[in-house]
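Below is one structure, written out as structure tokens, with a few remarks after it.
A short reminder: the numbers here are calculations on the coordinates, not readings from a lab. As the structure is a computational prediction, the values presented were derived from the model and not from experiment. Cβ sites come from the backbone with ideal geometry, for glycine too, and all protein chains shown count toward neighbours.
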Amino acid sequence: MSDDVKQGIKISEADAAKLDPADQGEVSKDAPDQGDVTGQAMYWYPVSCPWCGYIQNCLVSGTHRRYYNCMNCGRPFNFHG
Ligand SMILES: [Zn+2]
């Protein structure tokens, strides 16, 4: 268990327009179990939305950089894991 909530980083609307939807990462309200997927490093981090402050869990898998859409306000952000 960790209360180490990470601060999200805003993605501007101009930058968001260039994002590939395939790079959108999963978000979840409840923290799922870590390491559920065999042979793949997957981690959920609690992240605070930089737009509205809503805290949600963001999935990071491998080294691929993803972006996330807030579950509460729908605006894009990323974070440094
Ligand atoms: Zn938000």
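Pop out the ³J(HN,Hα) list for segment 5-22 in order, Karplus 6.51 cos²θ - 1.76 cosθ + 1.60 with θ = phi - 60°, rounded to Hz; leave Gly and Pro as x.
6, 8, 8, x, 10, 5, 10, 5, 4, 5, 6, 4, 5, 8, 6, 8, x, 5
Using amide H atoms built 1.01 Å from N in the peptide plane, name the residues 5+ places from Ile9, or on other chains, whose amide H lies under 5 Å from its own.
Hits under the 5 Å cutoff: Asn78, Phe79.
Neighbour counts of other C-beta atoms within 10 Å: give me Cys70, Cys52, Cys58 arranged from fewest to most.
Result, fewest neighbours first: Cys52, Cys70, Cys58.
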